[in-house]
Amino acid sequence: MKKIVSTAALIFTAFFANAQGGDSYNGEVFRTVSVIFVVILFMVFIVNVLKLFLENRMKHKIIDKGVSESAASSLLQTTPKNDQLTTIKWVCILAGIGGGLMIVNYTQPLGIHSLATMAFSISVSFLVYYFLAKFTSK
């Protein structure tokens with residue numbers, strides 16, 4: 001999942017850094033990146049559905065085999081805290097990307113400083129996530 005997000009971020013960063021002119025090349029790049037992004041979203045959806053299906057199948061097999069209750073509960077336990085941390089992580093990352101894109105928009109023309117701004121804003125969002133995760137684990 002991290003590779004997919006990193007690749008998508010890299011593609012979009014390259015697209016936004018190249019979005020200076022109004023020629024047809026940028027239109028082709030936009031269409032190509034859009035198609036790649038939609039394919040990536042579709043693949044992530046398929047992987048998540050497969051994961052849910054296989055987890056459900058595993059739960060049914062554990063129940064059918066008659067595994068002891070303590071072993072089954074340790075295998076099947078879900079932690080809502082991990083779900084909360086995942087949500088917090090994505091909120092921080094998307095807020096960092098949005099903030100970086102907003103800063104890049106106001107500091108025209110686009111160039112190498114735009115990539116540095118995006119990298120800095122994403123790293124700040126990961127730092128905020130780290131401190132939030134550390135704070136919530138106490």
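The values are calculated or read from the model by the stated rules, or taken from the named source; none is laboratory data. Remember, it's a predicted structure, so these values are computed and weren't measured experimentally. As a convention, Cβ positions derive from the backbone with ideal geometry for all residues, glycine included, and neighbour counts pool all protein chains shown. In case anyone asks, the SASA skips ligands and DNA or RNA and just uses the protein heavy atoms, side chains included. Shrake-Rupley method; radii C 1.70, N 1.55, O 1.52, S 1.80 Å.
Note on segment 35-138: with charges restricted to the Cβ of Lys and Arg (+1) and Asp and Glu (-1), its dipole about the Cα centre is near 200 debye. Across segment 79-138, Cα-Cα distances exceeding 20 Å account for 34% of all pairs. Electrostatic tally near Lys59: other residues with Cβ closer than 14 Å to its Cβ, Lys and Arg +1, Asp and Glu -1, net +1.
In segment 39-138, taking the dipole from charged Cβ atoms about the Cα centre, the farthest positive-side position among Leu41, Met118, Phe131 is held by Phe131. Exceedance of the 31 Å cut-off in Cα-Cα distance is limited, within the set Lys59/Lys89; Lys65/Lys89; Lys51/Lys134, to Lys65/Lys89.
Rolling a 1.4 angstrom probe over segment 34-138 with all protein chains present gives an accessible area of which 72% lies on carbon and sulfur atoms.
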